[in-house]
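The values are calculated or read from the model by the stated rules, or taken from the named source; none is laboratory data. Every value quoted in this text rests on a predicted model; they were computed, and no experiment measured them. Backbone-built Cβ (ideal geometry, glycine too); neighbour counts: all protein chains shown. Note: accessible area is taken over every heavy atom of the protein model, side chains too, but ligands, DNA and RNA are not part of it. Shrake-Rupley method; radii C 1.70, N 1.55, O 1.52, S 1.80 Å.
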Amino acid sequence: MTSIAANLQAVRARIATACLAAGRPAESVQLLAVSKTWPAASVREAVAAGQRAFGENYVQEGAEKALELAGSGLEWHFIGPLQSNKTRLVAENFAWMHSVDRLKVAERLAAQRPPGLAPLQVCIQVNVSGEVSKSGCAPGEAATLARAVATLPNIRLRGLMAIPEPTDDTRLLRGRFAVLRDLRERLNAEGMQLDTLSMGMSHDLEDAIMEGATLVRVGTAIFGERIP
Ligand SMILES: *Cc1c(COP(=O)(O)O)cnc(C)c1O
């Protein structure tokens, strides 16, 4: 029997080991616990083990969980695909949005962010796997989108996010992560201040950290296998 607390400890150890191997301080990588499909009780277990930031990728489910656990001082991140008619739920219930892939969604989030809340922290999702995956903007469109998003009120552009296609080919995978890292370097060279690379999940967080991830999104390794 493993517990969420033990799993969290093991994931933190993996992050620390990967940071050491990459010559990076352990605090340079934030752990986002992806609680999608798991009930509030599972989130509470993780909170008891010291976890504060949680990721959801179904907007209704995430908003409900955030409301149910309101007042616990948690930070909710939306990481899934979003139809533009659902932006209000994200603008009102989340601290972060990782999956902005078109200007229309960013504009709606900016318009709908309640004035009493801190600016919504935003990443642009980039499709680093080409034809294989449909989510995210093309790498060649990311700079234009980033410049436009950076000018919007009530949201703050923090960085880039990617979900490479699953593969056992480590070199290919590292190359996908490197696309995101290079893109951030280019944007920062032209004066942006992007501090976030949201990349790496349960099975590939070490490779992502080697390529510069600052935030890893981990579900299965913390909460267990999701029931489809
Ligand atoms: C589900 C999900 C994760 C977590 O994946 P695991 O393999 O369970 O760690 C990370 N990022 C996104 C966008 C997800 O939808």
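Summary of values
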item: Calculated [θ] (222 nm, deg cm²/dmol) that DSSP helices of n ≥ 4 give over the chain, each run adding -39,500 (n - 2.57); result: -13000 deg cm²/dmol
item: The range 15-83, relative contact order [Cα under 8 Å, separation at least 6], %; result: 29 percent
item: Residue-span extension gain [Glu185 to Thr220] - 0.36 nm each, minus C-alpha spacing; result: 9.6 nm
item: In Hz, Karplus ³J(HN,Hα) per residue of the range 20-29 (6.51, -1.76, 1.60; θ = phi - 60°; x = Gly, Pro); result: 4, 4, 8, x, 10, x, 4, 6, 7, 10
item: Probe 1.4 Å - accessible area at Ile222, Å² to nearest ten; result: 0 Å²
item: Probe 1.4 Å - accessible area at Lys86, Å² to nearest ten; result: 80 Å²
item: Extended-chain gain in nm, criterion 0.36 nm per residue less alpha-carbon gap, Arg102 and Asp169; result: 21.1 nm
item: Sites excluded, GluC sites (Glu not before Pro) in DSSP loops with at most 10 other C-beta within 10 Å, longest stretch of the chain; result: 1-189
item: Kirkwood Rh in Å, taken over the range 4-223 so that all alpha-carbon pairs contribute; result: 17.4 Å
item: The range 93-227, relative contact order in percent, only Cα pairs under 8 angstrom and at least six apart counted; result: 20 percent
item: Relative contact order [Cα under 8 Å, 6+ residues apart], the chain, whole percent; result: 21 percent
item: Karplus 3J(HN,Hα) series, Hz, for the range 148-164 with 6.51 cos²θ - 1.76 cosθ + 1.60 (x for Gly, Pro); result: 6, 5, 5, 8, 6, x, 6, 9, 10, 6, 10, x, 10, 9, 8, 10, x
item: Computed lengthening from Thr151 to Gln193, 0.36 nm per intervening residue step minus Cα-Cα distance; result: 13.8 nm
item: For Arg156, distant residues with modelled amide H under 5 Å away; result: Leu120, Gln121, Val122
item: Amide hydrogen neighbours beyond the local backbone of Met161, cut-off 5 Å, H modeled; result: Ile124, Gln125, Val126, Ser198
item: Between the range 159-185 and the range 74-143, the alpha-carbon center distance in angstrom; result: 19 Å
item: Within the range 144-228, trypsin sites (Lys or Arg not before Pro) in DSSP loop having at most 16 other beta-carbon neighbours inside 10 Å; result: Arg226
item: Where labels lie 7 Å past Cα in the beta-carbon direction, separation of Thr144 and Ser28 in nm; result: 3.3 nm
